[in-house]
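In what follows, a structure is listed as structure tokens, so that the remarks can point back to it.
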Amino acid sequence: MASEEKKRGLGEVVKAESMIQLAIALPAGCLIGWLAGGWADRHFHQHWIGILGILLGAVAGFIQIFRTASKFLSDGR
């Protein structure tokens with residue numbers, strides 16, 4: 001009986017971790033892209049690379065969201 005409760009509790013923790021990962025993926029991707037793009041702007045003396053970095057970070061964040069969501073849905077949870 002206690003073992004079932006532990007498994008169910010662990011399943012809830014895994015579910016919560018997946019939801020947190022979904023919430024963090026897009027902002028983290030944008031932030032990393034913005035920082036890398038800002039560095040590249042200063043290094044190459046350009047003004048458009050930062051915008052490209054934000055866009056690429058957003059795309060990477062969406063890809064991570066779709067991967068996590070599809071894994072979550074395919075597990076039947």
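List of remarks:
- Inside segment 34-68, residues that are outside any helix (DSSP H, G or I) and either within 22 Å of I20 (Cα to Cα) or open to solvent by less than 100 Å² (accessible area, probe 1.4 Å) (or both) make up a count of 1.
- Among the residues making up segment 48-73, those that are without any contact (Cβ under 8 Å) to a residue 24 or more places away in the chain and within 10 Å of the chain's Cα centre (by Cα) are I63, F66, R67.
- Of the residues making up segment 45-67, those that are out of contact with any Cys (no Cβ under 8 Å at 6 or more places or on another chain) and over 10 Å from I32 (Cβ atoms) number 16.
The values are calculated or read from the model by the stated rules, or taken from the named source; none is laboratory data. Remember, predicted model here, so these are calculated numbers, not experimental data. Glycine gets a Cβ as well: all are built from the backbone with ideal geometry, and neighbour counts include every protein chain shown. These accessible areas exclude ligands, DNA and RNA; they are computed on the full protein's heavy atoms, side chains included. Shrake-Rupley method; radii C 1.70, N 1.55, O 1.52, S 1.80 Å.
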